Amino acid sequence: MKDVNKMILKKSKFGQEEMIGFGLIIVLVAVILLVFLAFSLRNPVKENVESYEIEGFISALLQHTTDCGNYRTFHLSIRELIIDCGQGEVCLDNRDTCEVLNSTLSGILEQGWKISGNRPIKGYQLKILRNDVVDQVIQKGNVTTSYKSHMQDLGKSSTQVLFTAYY
Amino acid sequence: MQAMVNKMRGKKGQLKTKKTGSFLAFNCLKSKKAQLKIQQMAFMLMAVTLFFALVGMFVLAIKFSGLKETAATLCEENAMMLVTKLANSPEFSCGEAFDGETNCIDGDKIMMLKENIDAYEDFWGASNIEIRKIYPAEAEKVCDIGTYQGGDCNTIRLISKNVSGFDDKYNFVSLCRKEYIDGDMYDKCEIARLSVRYNYNERC
């Protein structure tokens with residue numbers, strides 16, 4: 001009888017161990033399921049500004065034709081105007097190329113990146129760098145920690161255009 | 001002597017019977033335990049199956065509840081992809097006619113495309129494709145062949161179906177055309193916004 005009791009006790013201990021094991025498996029499975037659920041249910045983050053928008057903007061901006069001309073052409077593009085401004089040239093009608101550049105860029109930026117009201121864009125900054133030194137800056141709105149930017153090299157005179165949109 | 005031997009035999013027999021009895025009792029107990037164990041296992045299997053079935057149902061319910069939103073997100077992604085590549089597609093791009101830069105749209109090509117849009121209506125799967133000059137800022141004037149030639153418009157509506165519920169996807173492009181001044185031709189490019197809205201019912 002003693003032997004039987006011993007065996008029952010031993011079996012009971014085995015049962016307890018099995019229960020603990022089963023519990024552990026359940027916990028493990030639950031954790032895996034939770035992780036899986038968290039990943040699958042996570043909503044894709046909607047970006048306020050897409051990278052392609054910034055790239056497209058700089059690309060289109062540089063191709064924009066201005067009303068400033070020189071001996072080569074009656075209408076310079078912004079790309080050509082940036083280079084002419086760096087060389088201190090004037091338009092055919094004696095306007096300063098840098099002034100024309102500044103006013104055209106400000107107008108385009110104002111229309112392209114509206115920051116008033118509840119718009120997602122909080123601010124923007126456009127920098128023209130020559131030989132890694134900032135030559136011109138046009139900035140409006142607030143500078144925030146969330147931003148997207150893109151730099152385009154003009155190839156000539158080590159000139160670069162850097163645009164940053166803050167949201 | 002014989003009587004003693006008999007007594008001893010009797011006792012041995014009693015002992016044998018006692019031993020066999022406890023063995024049977026143990027076997028019976030073991031058998032009951034095994035039955036209990038099988039029962040326990042069956043219940044456990046049922047519980048595990050039920051647990052996974054419930055979890056599966058829960059996941060499926062959540063997944064299917066967001067199906068419409070997923071479709072809408074896919075539509076938006078399609079529109080986003082379309083808007084990034086549309087400006088550089090052969091039907092839109094400036095090609096060698098202008099400086100051959102990226103994101104450059106040939107206005108003349110677009111106007112011709114607009115005239116024959118019936119053949120292209122379902123080509124991109126978009127419900128709306130619109131190009132609007134953003135600078136200088138002017139009130140909206142939709143282009144037709146006459147106003148485009150006179151330069152008296154700022155919006156080209158290529159495809160315009162009334163579909164609501166989706167935000168347009170934008171990209172900046174350069175809308176170029178050939179202009180004449182005193183007989184001299186030059187390239188006039190203006191910054192514009194290309195907007196695309198995807199047709200949810202047809203493609204997504």
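Taken together, the values in this text are just the output of simple stated rules run on the coordinates, not laboratory data. Keep in mind the model is a prediction, meaning the values are calculated, not measured. Cβ coordinates were reconstructed from backbone atoms using ideal geometry, including for glycine residues, and neighbour counts include every protein chain displayed.
In the elastic network of chain A, a GNM with C-alpha springs shorter than 10 Å, the most mobile of A:Leu34, A:Leu92, A:Leu101 is A:Leu34. On full extension, the segment bounded by A:Asn5 and A:Asn118 gains 32.9 nm, given 0.36 nm per residue less the C-alpha separation.
Hey, with R₀ at 25 Å, roughly what FRET efficiency would A:Asp132 and A:Phe74 work out to, going by the Cβ-Cβ distance, to 0.05? Computed FRET efficiency for A:Asp132 and A:Phe74: 0.15. Counting only other chain Cβ atoms within 10 Å of each residue's Cβ, the peptide B:182-192 averages 4.
Taking 0.36 nm per residue of separation and subtracting the Cα-Cα distance, full extension of the segment from A:Gln139 to A:Ile20 would add 36.4 nm. Taking amide hydrogens as placed 1.01 Å from N in the peptide plane, the amide H of A:His75 sits under 5 Å from those of A:Asn70, each at least 5 positions away in sequence or on another chain.
In this Cβ point-charge picture (+1 for Lys and Arg, -1 for Asp and Glu), the protein assembly as shown has a dipole of about 6920 debye about its Cα centre. Mean partner shielding of peptide B:48-59, defined as the number of other chain Cβ atoms within 10 Å of each residue Cβ, is 2. Rounded to 0.05, the FRET efficiency of the A:Asn48 and B:Thr147 pair, given R0 = 35 Å and the Cβ-Cβ distance, is 0.55. For the pair B:Met112 and B:Ala139, label points projected 7 Å from Cα toward Cβ lie 3.4 nm apart.
Take each residue in A:60-73, count the other chain C-beta atoms within 10 Å of its C-beta, and the mean is 5.
Choose one answer from A:Glu55, A:Glu80, A:Glu18: the residue with the largest mean-square fluctuation in a GNM of chain A with alpha-carbon springs under 10 Å. Looking only at A:Glu55, A:Glu80, A:Glu18, the biggest GNM fluctuation is shown by A:Glu18. For chain A, a Gaussian network of Cα nodes joined below 10 Å ranks A:Asn142, A:Asn48, A:Asn94 by mean-square fluctuation, and the top entry is A:Asn94. With 30 Å as the limit on Cα-Cα distance, the pairs of B:Lys37/B:Lys63; A:Lys127/B:Lys161; A:Lys140/B:Lys114; A:Lys114/B:Lys188 that go past it are B:Lys37/B:Lys63; A:Lys127/B:Lys161; A:Lys140/B:Lys114.
Modelled spin-label separation between B:Met46 and B:Lys63, with each label point placed 7 Å from Cα along the Cα-to-Cβ direction: 2.8 nm.
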